[in-house]
Ligand SMILES: Nc1ncnc2c1ncn2[C@@H]1O[C@H](COP(=O)(O)OP(=O)(O)OP(=O)(O)O)[C@@H](O)[C@H]1O
Ligand SMILES: [Mg+2]
């Protein structure tokens, strides 16, 4: 499948619960507030966490008259036919349709993938312009990228997931001569510095070198990421005290800053059209003065 436009950001890692859906949703909403047209695609047809995020957001915004921006969202219903092959084909077709529908109109297409290998996971990876892999801040989770020699500390053997990405990269190169910018992001970083934390950082840097990818500054462990899910909100939205169960804290400001830094590190393309849309959004946001302004466009 050769694409013409729309920068595809795939969020993937075979480790379950590493923060893929949370990251995908936050990146998508951040880009919306930056004035981009964003489509989101949920390839995880079993859990559909991203789809639930999107639905919660729409419902919450409607019920509370909130003028927050939304993505154009696609989800792939779980194919339940008897034939595995037929189910795969159905999901594949739906995914292809979704991409075809938005590739010309969306500036960004954010794809959330499941924590396991499927045909669709592989296809999504080979379409990525940017691949973001959140990695939990633990040595065990690094094993999902590469096995590390216990004596020398050198990455020894690439994991199944790393090989999947390698294949996607070479496939992509042979199709349109482009490469996938792969970025590892430490997630749920503990607030207090520890020996384990430093070990993870060192190991991650080594693994990244071996995998030919980059490491971005990470996102800390913060309760707010869990509490915003039922409302479909992100740390970039205008949040009031009712939504937060208290006044917005420094932790929220720091969370926004971390994401801002992360997006900066991703080196995503931007456009003058997006800049103009951002200004319109900012002007609209000013009107919702009953909310604490927490849009990402604050500079
Ligand atoms: N930075 C963070 N701080 C605190 N909690 C977080 C953070 N990031 C994610 N979480 C929480 O971790 C859990 C797993 O996150 P999420 O569902 O995004 O992971 P996932 O990789 O998509 O999981 P799966 O592999 O099952 O699809 C959720 O409860 C989420 O709210
Ligand atoms: Mg998920």
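The values are calculated or read from the model by the stated rules, or taken from the named source; none is laboratory data. Bear in mind the structure is a predicted one, so any value in this text is a computation, not a measurement. When we count neighbours, we look across all protein chains shown, and the Cβ atoms used for this are built from the backbone with ideal geometry, even at glycine.
When 53, 33 are checked against the criterion of being more than 11 Å from the chain's Cα centre (by Cα), buried (at least 20 other Cβ atoms within 10 Å of the Cβ) and within 16 Å of ligand 2 (Cβ to nearest atom), a single residue qualifies: 53. Taking region 13-30 as the range and being over 10 Å from the mean Cα position of the chain (by Cα) and within 30 Å of residue 89 (Cβ to Cβ) as the test, the residues that pass are 13, 14, 15, 16, 17, 18.
Tally up the residues in region 214-256 that are over 28 Å from residue 51 (Cβ atoms) and within 17 Å of the chain's Cα centre (by Cα), please. Explain how you work it out, then say what you get.
The initial filter retains those residues of region 214-256 that are over 28 Å from residue 51 (Cβ atoms), namely 214-215, 217, 241, 246-247, 249-250, 253-254.
The next check asks that each one be within 17 Å of the chain's Cα centre (by Cα); those that pass are 214-215, 217.
Number satisfying all stated conditions: 3.
Meeting the requirement of 1 or more residues that are at pLDDT below 85 and touching a strand residue (DSSP E or B) at 6+ places or on another chain (Cβ under 9 Å), the helices (runs of 4 or more DSSP H) wholly within region 181-299 are 195-211, 241-244, 250-266.
The criterion of at least 3 residues that are touching a residue at least 40 places away in the same chain (Cβ under 8 Å) and touching a strand residue (DSSP E or B) at 6+ places or on another chain (Cβ under 7 Å) is met, among strands (runs of 3 or more DSSP E) falling completely within region 10-123, by 38-42, 108-112. Among the residues of region 13-30, the one identified as closer than 10 Å to residue 113 by Cα and more than 10 Å from ligand 2 (Cβ to nearest atom) is 14.
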